[in-house]
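The values are calculated or read from the model by the stated rules, or taken from the named source; none is laboratory data. Remember, predicted model here, so these are calculated numbers, not experimental data. As a convention, Cβ positions derive from the backbone with ideal geometry for all residues, glycine included, and neighbour counts pool all protein chains shown.
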Amino acid sequence: MEGVLLHIYKKLEALCLSNPADVTEVGFQCFCRYMCCANVQAAYLKMEKDVISKSSNFLVKNINDLFGLECLWAIVLGTEAVLVAREAMEFLVKIYLNVISPPPLPLTKYTHTTHSHTHRPTG
(Lines give C-alpha, C1' and ligand atoms only; values in the text may rest on other atoms or scores of the structure.)
Protein backbone atom coordinates (compact mmCIF):
# COMPACT_ATOMS: atom_id res chain seq x y z
CA MET A 1 0.00 0.00 0.00
CA GLU A 2 2.84 2.39 0.85
CA GLY A 3 4.29 2.23 -2.64
CA VAL A 4 0.93 2.82 -4.31
CA LEU A 5 0.10 5.77 -2.06
CA LEU A 6 3.46 7.42 -2.69
CA HIS A 7 3.18 6.74 -6.43
CA ILE A 8 -0.25 8.40 -6.63
CA TYR A 9 0.99 11.33 -4.55
CA LYS A 10 4.06 11.82 -6.76
CA LYS A 11 1.82 11.87 -9.88
CA LEU A 12 -0.46 14.49 -8.28
CA GLU A 13 2.55 16.55 -7.24
CA ALA A 14 3.97 16.40 -10.77
CA LEU A 15 0.63 17.59 -12.16
CA CYS A 16 0.49 20.49 -9.70
CA LEU A 17 4.10 21.50 -10.33
CA SER A 18 3.78 21.30 -14.12
CA ASN A 19 1.28 24.14 -14.19
CA PRO A 20 0.12 25.44 -10.82
CA ALA A 21 -2.12 28.01 -12.54
CA ASP A 22 -4.40 25.17 -13.65
CA VAL A 23 -4.97 23.65 -10.20
CA THR A 24 -8.69 23.66 -9.40
CA GLU A 25 -10.34 23.59 -5.98
CA VAL A 26 -11.11 19.88 -6.32
CA GLY A 27 -7.59 19.17 -7.57
CA PHE A 28 -6.10 21.06 -4.64
CA GLN A 29 -8.28 19.20 -2.13
CA CYS A 30 -7.21 15.90 -3.69
CA PHE A 31 -3.54 16.91 -3.58
CA CYS A 32 -3.83 17.92 0.10
CA ARG A 33 -5.46 14.65 1.09
CA TYR A 34 -2.74 12.60 -0.61
CA MET A 35 -0.03 14.91 0.73
CA CYS A 36 -1.28 14.33 4.27
CA CYS A 37 -1.56 10.56 3.72
CA ALA A 38 1.95 10.29 2.28
CA ASN A 39 3.42 12.32 5.14
CA VAL A 40 1.55 10.32 7.79
CA GLN A 41 2.78 7.11 6.14
CA ALA A 42 6.37 8.44 6.20
CA ALA A 43 5.93 9.52 9.86
CA TYR A 44 6.59 13.18 8.99
CA LEU A 45 3.10 14.17 10.11
CA LYS A 46 0.98 13.02 13.02
CA MET A 47 -2.78 13.44 12.71
CA GLU A 48 -4.86 14.17 15.79
CA LYS A 49 -7.58 11.76 14.65
CA ASP A 50 -7.82 9.07 11.99
CA VAL A 51 -9.41 11.56 9.60
CA ILE A 52 -6.81 12.76 7.13
CA SER A 53 -7.42 16.13 5.51
CA LYS A 54 -5.96 19.60 5.51
CA SER A 55 -8.70 20.73 7.91
CA SER A 56 -7.75 18.08 10.49
CA ASN A 57 -5.46 18.94 13.36
CA PHE A 58 -1.95 17.62 12.95
CA LEU A 59 1.63 17.99 14.12
CA VAL A 60 4.55 18.23 11.72
CA LYS A 61 7.29 15.95 13.02
CA ASN A 62 9.78 16.50 10.19
CA ILE A 63 9.49 19.75 8.23
CA ASN A 64 12.76 19.19 6.36
CA ASP A 65 11.60 16.06 4.53
CA LEU A 66 7.88 16.86 4.39
CA PHE A 67 6.37 15.90 1.04
CA GLY A 68 4.58 18.70 -0.80
CA LEU A 69 6.02 21.98 0.50
CA GLU A 70 7.56 22.88 -2.85
CA CYS A 71 4.28 22.13 -4.56
CA LEU A 72 2.25 24.17 -2.07
CA TRP A 73 4.52 27.16 -2.58
CA ALA A 74 4.21 26.74 -6.36
CA ILE A 75 0.43 26.74 -6.06
CA VAL A 76 0.40 29.79 -3.76
CA LEU A 77 2.64 31.74 -6.12
CA GLY A 78 1.31 30.43 -9.42
CA THR A 79 -2.42 29.82 -9.20
CA GLU A 80 -4.86 32.19 -10.80
CA ALA A 81 -7.78 30.90 -8.69
CA VAL A 82 -8.23 33.14 -5.67
CA LEU A 83 -9.90 30.45 -3.57
CA VAL A 84 -7.16 27.91 -4.31
CA ALA A 85 -4.48 30.48 -3.45
CA ARG A 86 -6.20 31.31 -0.16
CA GLU A 87 -6.62 27.63 0.78
CA ALA A 88 -3.00 26.88 -0.12
CA MET A 89 -1.76 29.83 1.96
CA GLU A 90 -3.89 28.78 4.93
CA PHE A 91 -2.60 25.22 4.67
CA LEU A 92 1.03 26.41 4.48
CA VAL A 93 0.57 28.62 7.54
CA LYS A 94 -1.04 25.72 9.41
CA ILE A 95 1.90 23.48 8.50
CA TYR A 96 4.50 25.98 9.73
CA LEU A 97 2.55 26.74 12.91
CA ASN A 98 2.30 23.05 13.79
CA VAL A 99 5.95 22.11 13.50
CA ILE A 100 7.11 20.30 16.61
CA SER A 101 10.17 22.19 17.76
CA PRO A 102 13.35 20.16 17.67
CA PRO A 103 14.81 19.39 21.07
CA PRO A 104 17.17 22.10 22.26
CA LEU A 105 20.83 21.56 21.57
CA PRO A 106 22.98 20.97 24.63
CA LEU A 107 24.86 24.02 25.76
CA THR A 108 28.50 23.86 24.90
CA LYS A 109 31.21 25.53 26.86
CA TYR A 110 33.21 28.02 24.93
CA THR A 111 35.85 30.49 25.80
CA HIS A 112 35.58 34.07 24.84
CA THR A 113 38.91 35.60 24.00
CA THR A 114 39.26 39.32 24.32
CA HIS A 115 42.04 41.22 22.73
CA SER A 116 43.31 44.24 24.59
CA HIS A 117 44.59 47.00 22.43
CA THR A 118 46.58 49.83 23.87
CA HIS A 119 45.66 53.17 22.58
CA ARG A 120 48.54 55.59 22.41
CA PRO A 121 47.76 59.23 21.96
CA THR A 122 49.31 60.77 18.89
CA GLY A 123 50.90 64.15 18.68
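Data overview
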item	result
Number of positions in region 1-34 that are of a type in the set (A, V, I, L, M, F, W, C) and either in contact with a Lys or Arg (Cβ under 8 Å, 6 or more places away or on another chain) or within 23 Å of residue 47 (Cα to Cα) (or both)	11
3 or more residues at pLDDT 85 or above and surrounded by fewer than 18 Cβ atoms within 10 Å (Cβ to Cβ): qualifying helices (runs of 4 or more DSSP H) within region 1-89	25-41, 69-78
